[in-house]
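A.B. asks: This is the structure, below, for whatever I ask next.
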Amino acid sequence: MELSKQYNPKEAEESHYQRWEENGCFRPEINENPDAEKYSIVIPPPNVTGSLHMGHALQHTIMDVLTRRKRMQGFRTLFVPGMDHAGISTQLMVTRQLKKDEGKTPQDIGREAFTKKVWDWKEQYGGTILKQIRREGISVDWSREAFTMDEGLSKAVRNVFVALYEEGNIYRGARIVNWCPKDETVLSDLEVEDKEKKDGKLYYLQYPIKESEQKRTLTVATTRPETMLGDTAVAVNPNDERFKDLIGKTIDLPLTNREIPIISDEYVDAGFGTGAVKITPAHDPNDYEMGQRQNLPQLNVMNLDGTMNEDAGEDFSGLDRYKARKLVVEKFDELGLLEKIDDYEMVLPVCERCKTVIETLISEQWWVKMDEMRDLALELKKDKDYPRFTPENPHTKVYTDWLENLRDWTISRQLWWGHQIPAWYDKDGNVFVARSKEEAIENAGTDELTQDEDVLDTWFSSWLWSFSTLSWDGEINETEDLQEFHPTDVLVTARDIIFLWVSRMVMSAMKFIGERPFDDVYITGTVLAKDGQRMSKTKGNGVDPMDVFEQYGVDATRITLAGSSTGMDFAWRDEKVESYRNFANKIWNATRFCLMNAEGAKVDLATLENAEKIADKWIISRLNKTAKEINEALDKYAFHVAVDKLYHFFWDDFCDWYIELSKDEITAGDTESTTRILTILEQSLRLLHPFMPYLTEELWHKLPGADASLHNSAYSNAEPTIMLADFPESNAELINEKAESEMQTIIELITKIRNIRAEMQIKPSDKISIHLAGNPETQNIFASNEAQILKLARAKDLTLGESLDAPNASAKGVLTNGTEIAIPLEGLIDFEKERKRLQNQINKLETEKERLDKQLSNENFVNKAPKEKVDAVRERVAEIETQTKALNENLENLG
RNA sequence: GGGCAUAUAUGUCAAUUGGUAGACAGCUUCCCUUACAAGGAAGAAGUUGGAGGUUCGAGUCCUUCUAUGCCCACCA
């Protein structure tokens with residue numbers, strides 16, 4: 001069988017996924033071991049809007065690496081896929097589409113028709129996402145795919161709502177809220193973003209004080225003059241001497257016919273602005289609170305679309321808020337009451353989705369009291385230390401701090417896309433919260449009921465995700481999946497939803513399941529654009545993972561992402577994927593080489609245990625050590641360490657040294673050697689598989705002897721696939737430090753000779769002679785590897801002895817263990833060049849020795865540092881002395 | 001305003017508990033050697049942002065400064 005010279009990812013990516021899926025490899029049921037430990041992960045459901053971005057690819061890769069390794073280790077694994085209906089975003093997008101296609105608004109076509117359109121939209125774009133998830137190669141169980149609007153998950157939402165309502169943890173009430181005038185819905189605090197406004201203004205308005213003889217005024221400063229129409233007081237600090245006499249007096253509020261009191265409140269900072277604050281309880285959160293304290297009336301002057309209402313007065317009613325602002329300022333100017341306008345940099349709250357500046361206003365909404373659930377989550381962290389964050393810092397602290405300051409959660413949204421609130425009203429406005437309309441009718445004793453128009457916040461369904469995806473719906477509370485897979489093992493997600501989602505999942509699971517939703521939380525870094533900026537559509541600096549898949553292959557992309565995953569943010573670089581694309585090609589070609597010579601051999605694990613030669617013992621030791629390091633790294637979520645070890649093991653140890661050292665035997669068809677190299681290759685492919693599933697599967701099937709007998713025992717009856725092969729664990733007995741150090745000496749020798757050849761500009765085609773002088777043990781090592789040394793150093797003969805037997809006209813060198821090297825160069829040697837070369841090496845060593853001598857002459861170091869550190873320095877000094885001595889002699893002998 | 005993180009070779013990033021700094025890409029020289037030029041061989045390249053301190057020893061710990069980023073809170 002002959003492989004092509006280059007790896008073509010597309011071929012490998014074409015068929016395997018479908019086969020894995022059809023064979024049930026992604027399902028936990030494939031595991032036949034009744035006692036298998038379980039491992040489960042639920043995917044953070046991507047929004048049905050848009051498509052997957054690099055952050056998804058990163059998270060998904062990491063979850064899949066974890067899952068695939070555990071599966072190979074024989075765990076009963078479940079990786080649940082799904083999507084989120086993403087209320088506001090989706091409604092926003094479909095609304096835009098509707099406007100574009102038909103020039104209509106949702107109201108024009110009505111609730112039913114609109115939601116149908118959203119479902120169509122969901123089918124289309126959701127379908128794209130599902131395709132993309134498949135392309136990523138992640139081993140999710142599609143038979144358990146979930147969507148937050150599914151029947152079961154919706155039932156869970158209703159039951160949770162009713163349960164919380166019945167115990168008084170959900171209530172309806174008018175409070176000050178964040179309102180998006182464009183989307184015309186309430187937003188929770190977490191859905192509001194800050195936006196810098198550089199050209200902001202601070203307006204100083206003079207308010208006339210009633211019954212003051214000299215027409216005194218009190219100046220207030222505001223960034224939102226239009227809200228003065230809703231002012232119901234002016235507040236000053238009680239200790240502010242300037243205004244003490246004014247407290248209790250009243251203001252004739254311009255542009256209105258209202259009279260408002262001047263009050264005192266500790267909240268006012270006398271040192272800021274004018275020291276007097278206009279108070280608008282209906283349109284500012286701080287003013288709202290002061291209003292509550294001081295019993296001030298709330299005057300709502302705004303409509304829900306951001307225009308002013310009748311209470312703003314005739315002149316303003318119906319005006320857009322910004323036009324109203326302009327008009328208020330103009331009128332104050334006309335009245336001679338506009339003191340000044342200052343430039344003022346400020347931060348404006350905007351809607352996270354549509355970026356419209358939000359308004360704060362009073363509105364009747366549904367709320368969840370979080371106190372009890374918050375305490376459950378805090379106790380879980382305090383008593384059991386769940387969930388454990390990676391990286392621990394800063395997430396643990398941020399998480400607990402946030403919980404400690406948690407406020408009630410606004411859960412209603414004025415949208416049509418989502419779970420409609422299970423509350424019904426009768427003619428008199430009495431509310432009946434129930435699991436269904438029938439139940440509500442029963443409770444109300446009438447069927448003249450109308451359901452609450454609003455839907456629930458998207459997060460009110462996704463906060464149940466860890467268990468609602470395992471078939472819990474609030475009626476069936478004990479499901480097999482729940483029993484088996486909850487709590488899940490780890491949640492892998494991005495930083496920005498720790499509060500929105502992670503913390504809420506903990507609270508809901510503690511409340512409704514009575515246990516944590518996951519043990520660990522791995523927070524990935526952000527994938528930044530090449531320029532180090534955040535990727536964004538507006539900047540156009542985004543990189544689409546699908547394009548990268550197309551160009552470099554899925555596997556190269558996956559291992560790039562995993563290799564970059566230190567928990568820190570990192571900038572995306574095409575060069576990085578390119579080097580892993582090359583790595584994939586390297587793996588392909590190494591396999592190609594092995595297969596070209598595999599006649600009569602097949603994978604046989606026994607060949608790992610009976611190695612005689614140093615090189616074999618060495619590579620087996622390296623393999624086992626690498627397996628150990630990879631397993632340890634993955635246990636700690638140190639993905640970059642695992643990738644680094646794999647890369648260097650495969651490329652440096654296996655390809656550059658082992659294949660080269662074994663080449664003669666392999667090409668000669670020595671069956672034991674070919675069997676062994678195939679076996680080591682096969683083990684390497686297994687280690688690589690979680691990162692590079694397609695390539696490794698493609699190659700594995702080409703290996704003779706790769707069949708179901710290599711599966712983990714939990715999968716003996718499954719169709720052969722590397723994804724069910726036993727993941728290599730490290731066998732401590734096969735880690736051989738002696739072989740590693742002997743091999744190191746051989747590598748050092750060959751490298752040294754190559755270095756001499758390069759520096760002395762010996763042509764690659766010129767075969768040299770090598771003279772070596774060293775202790776008997778070293779001589780032995782070299783003697784038993786003579787053929788390989790000759791080949792890799794491009795030499796014709798090797799002379800070994802206790803002392804050097806070579807002409808003066810030789811290039812010389814010395815190894816760390818004191819072994820001397822001479823390469824005769826009759827006529828070719830440039831003595832001046834050689835002298836320089838030797839002197840250079842001596843200088844380097846002496847610089848190092850000077851530093852070490854200084855350390856050793858420091859009594860404090862010798863006395864206080866650990867003995868092994870001191871000994872190591874002494875040993876190194878001894879090595880340097882031997883080497884410099886030999887080099888100096890060589891230098892002298894040059895004449 | 002508060003909190004946190006980051007600053008290491010030209011670039012992007014690593015560096016387990018403090019033990020004297022590595023990878024990839026790029027660069028220089030040589031080689032199409034029968035797995036791979038998406039390759040092989042050999043190299044050059046860093047006062048670890050600045051300044052102090054603790055320590056026998058600091059990229060790592062402490063203080064401070066500078067720059068950048070993130071989060072939280074929002075004084076009108």
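A.B. asks: So what is the accessible area of chain A per residue, in Å², with the probe set to 1.4 Å?
C.D. replies: 44 Å²
A.B. asks: Could you work out what % of the accessible surface of the stretch A:808-875 is carbon and sulfur, using a 1.4 angstrom probe and leaving DNA, RNA and ligands out of the count?
C.D. replies: Here it works out to 48 percent.
A.B. asks: With each run of n ≥ 4 DSSP H residues scored as -39500 (n - 2.57), what mean residue ellipticity at 222 nm is computed for chain A after dividing by its residue count and rounding to the nearest 500 deg cm²/dmol?
C.D. replies: Numbers: 28 runs with 379 residues, N = 895.
After summing the helix terms and dividing by the residues of chain A, the value is -13500 deg cm²/dmol.
A.B. asks: Please give the length that would be gained between A:LEU856 and A:ASP496 if that part of the chain were fully extended, namely 0.36 nm times their separation in residues minus their C-alpha to C-alpha distance (nm, one decimal).
C.D. replies: Once the chain is fully extended between A:LEU856 and A:ASP496, it gains 124.4 nm.
A.B. asks: Consider all pairwise Cα distances in the stretch A:698-770 and report the whole-number % of them above 17 Å.
C.D. replies: The answer is 67 percent, as a whole percent.
A.B. asks: Given an 8 Å cut-off on Cα distances and at least 6 residues of separation, report the relative contact order of the stretch A:57-137 as a percent. Walk me through the numbers on the way to the answer.
C.D. replies: On the way: 22 pairs, mean separation 23.2, N = 81.
Worked out over the stretch A:57-137, it gives 29 percent.
A.B. asks: I've got another one for you. Report the full-extension gain for the segment A:TRP402 to A:GLN6: residue separation times 0.36 nm, less the Cα-Cα distance, to one decimal in nm.
C.D. replies: Stretched fully, the A:TRP402-A:GLN6 segment lengthens by 137.3 nm.
A.B. asks: How much FRET efficiency would the formula 1/(1 + (r/R0)^6) give for A:ASP664 and A:GLU193, where r is the Cβ-Cβ distance and R0 is 56 Å, rounded to 0.05?
C.D. replies: Computed FRET efficiency for A:ASP664 and A:GLU193: 0.30.
A.B. asks: Could I ask something else about it? So what's the angle, to the nearest 10 degrees on a 0 to 90 scale, between helix A:831-857 and the longest Cα principal axis of chain A?
C.D. replies: 60 degrees
A.B. asks: Compute the Rg/Rh shape ratio of the stretch A:1-82: radius of gyration over Kirkwood radius, all on alpha-carbon atoms.
C.D. replies: Radius of gyration relative to Kirkwood radius: 1.05.
A.B. asks: Something else: If you average the C-alpha positions of the stretch A:481-521 and of the stretch A:118-150 separately, how far apart do those two centres end up, in angstrom?
C.D. replies: With the stretch A:481-521 and the stretch A:118-150 each reduced to a Cα centre, they are spaced 21 Å.
A.B. asks: Which three extents, in whole angstrom, do the alpha-carbon atoms of chain A cover along their principal axes, largest first?
C.D. replies: For chain A, the Cα extents along the three principal axes come out at 117, 67, 54 Å.
A.B. asks: Measuring from centroid to centroid over Cα atoms, what is the spacing of the stretch A:714-775 and the stretch A:427-473 in Å?
C.D. replies: Result: 67 Å between the Cα centres.
A.B. asks: Using only Cα atoms, figure out Rg for the stretch A:447-601 and give it as a multiple of 2.2 N^0.38 Å.
C.D. replies: On the way: Rg = 22.7 Å, N = 155, 2.2 N^0.38 = 15.0 Å.
For the stretch A:447-601, the normalised Cα radius of gyration is 1.52.
A.B. asks: Give me the angle, in degrees from 0 to 90, between the Cα long axis of helix A:9-22 and the longest principal axis of the Cα atoms of chain A, rounded to the nearest 10.
C.D. replies: Roughly 70 degrees, rounded to the nearest 10.
A.B. asks: Between A:GLU848 and A:ALA163, how high is the FRET efficiency from 1/(1 + (r/R0)^6) when r is the Cβ-Cβ distance and R₀ = 56 Å? Nearest 0.05.
C.D. replies: Approximately 0.20, to the nearest 0.05.
A.B. asks: Quick one: Karplus J couplings for the stretch A:481-496, per residue in order, coefficients 6.51, -1.76, 1.60, θ = phi - 60°, nearest Hz, x for Gly and Pro?
C.D. replies: Values, residue by residue: 4, 5, 3, 7, 10, 10, x, 6, 7, 8, 10, 10, 7, 8, 4, 6 Hz.
A.B. asks: If every alpha-carbon in the stretch A:855-895 counts as one equal scatterer, what log10 I(q)/I(0) does Debye give at q = 0.16, 0.17, 0.19, 0.32 1/Å?
C.D. replies: -0.51, -0.55, -0.60, -0.99
A.B. asks: In the stretch A:119-247, how does Rg compare with the Kirkwood Rh, expressed as the Rg/Rh ratio over alpha carbon atoms?
C.D. replies: With Rg and the Kirkwood Rh in hand, the quotient comes to 1.23.
A.B. asks: Now for a separate question. Which whole-Hz couplings ³J(HN,Hα) result when phi for each residue of the stretch A:286-298 is put into the Karplus expression 6.51 cos²θ - 1.76 cosθ + 1.60, θ = phi - 60°, listed in order with x for Gly and Pro?
C.D. replies: In residue order, the calculated couplings are 5, 5, 4, 5, 5, x, 5, 4, 9, 6, 8, x, 9 Hz.
A.B. asks: How much of the accessible area of the stretch A:303-461, probe 1.4 Å, is carbon plus sulfur, in whole percent? Write down the numbers at each step before the final one.
C.D. replies: Details: 3550 of 8080 Å².
Roughly 44 percent of what the probe reaches on the stretch A:303-461 is carbon or sulfur.
A.B. asks: Remind me, relative contact order of chain A in percent, using alpha carbon pairs under 8 angstrom and six or more residues apart?
C.D. replies: Averaging sequence separation for qualifying contacts and normalising by length gives 13 percent for chain A.
A.B. asks: While we're on this one: Report A:THR67's accessible area, 1.4 Å probe, all protein chains in place, as a number in Å² to the nearest 10.
C.D. replies: Approximately 0 Å² of A:THR67 is accessible to the 1.4 Å probe.
A.B. asks: Give me Rg over Rh for the stretch A:66-155, both radii from the alpha carbons and Rh done the Kirkwood way, two decimal places.
C.D. replies: My calculation of the ratio gives 1.13.
A.B. asks: So if we plug the beta-carbon distance of A:GLU740 and A:LYS382 into 1/(1 + (r/R0)^6) with R0 = 35 Å, what FRET efficiency do we get, rounded to 0.05?
C.D. replies: Once rounded, the FRET efficiency stands at 0.15.
A.B. asks: Okay, moving on. With the alpha-carbon atoms as the only input, what is the per residue convex hull volume for the stretch A:762-867 in Å³?
C.D. replies: Values: hull volume 15.2 nm³, N = 106.
Taking only Cα atoms, the stretch A:762-867 has a hull volume of 143 Å³ per residue.
A.B. asks: How far is helix A:867-893 tilted off the main Cα axis of chain A, in degrees rounded to 10, range 0 to 90?
C.D. replies: 50 degrees
A.B. asks: Tell me, what does the Kirkwood hydrodynamic radius of the stretch A:366-410 come to in angstroms if you use every pair of distinct C-alpha atoms?
C.D. replies: Result for the stretch A:366-410 stands at 11.1 Å.
A.B. asks: Kindly list the residues of the stretch A:733-771 that lie in the label zone of A:ASP797, defined by a backbone N under 19 Å from the point 7 Å along the Cα-to-C-beta vector.
C.D. replies: A:766-771
A.B. asks: Counting only protein heavy atoms, what percent of the accessible surface of the stretch A:692-748 is carbon or sulfur at a 1.4 Å probe?
C.D. replies: Details: 910 of 2150 Å².
Ligands and nucleic acids excluded, carbon and sulfur reach 42 percent.
A.B. asks: Next question. By how many nm would the segment from A:ASP531 to A:ASP447 lengthen if fully extended, with 0.36 nm per residue of separation less the alpha-carbon distance?
C.D. replies: Contour length minus the Cα-Cα distance gives 24.1 nm.
A.B. asks: Something else: How about A:LYS796: which aspartates and glutamates have a C-alpha closer than 20 Å to its C-alpha, ignoring those fewer than 8 places off in the same chain?
C.D. replies: Excluding near neighbours in sequence, the set is A:GLU660, A:ASP664, A:GLU665, A:GLU748, A:GLU759, A:ASP766, A:GLU786, A:ASP805, A:GLU820, A:GLU826.
The values are calculated or read from the model by the stated rules, or taken from the named source; none is laboratory data. Fair warning: this is a prediction, and the values are worked out from it, not measured in the lab. No Cβ is skipped: glycine too gets one built from the backbone with ideal geometry, and neighbour counts run over all protein chains shown. Side chains included, ligands, DNA and RNA excluded: accessible areas come from the protein's heavy atoms. Shrake-Rupley method; radii C 1.70, N 1.55, O 1.52, S 1.80 Å.
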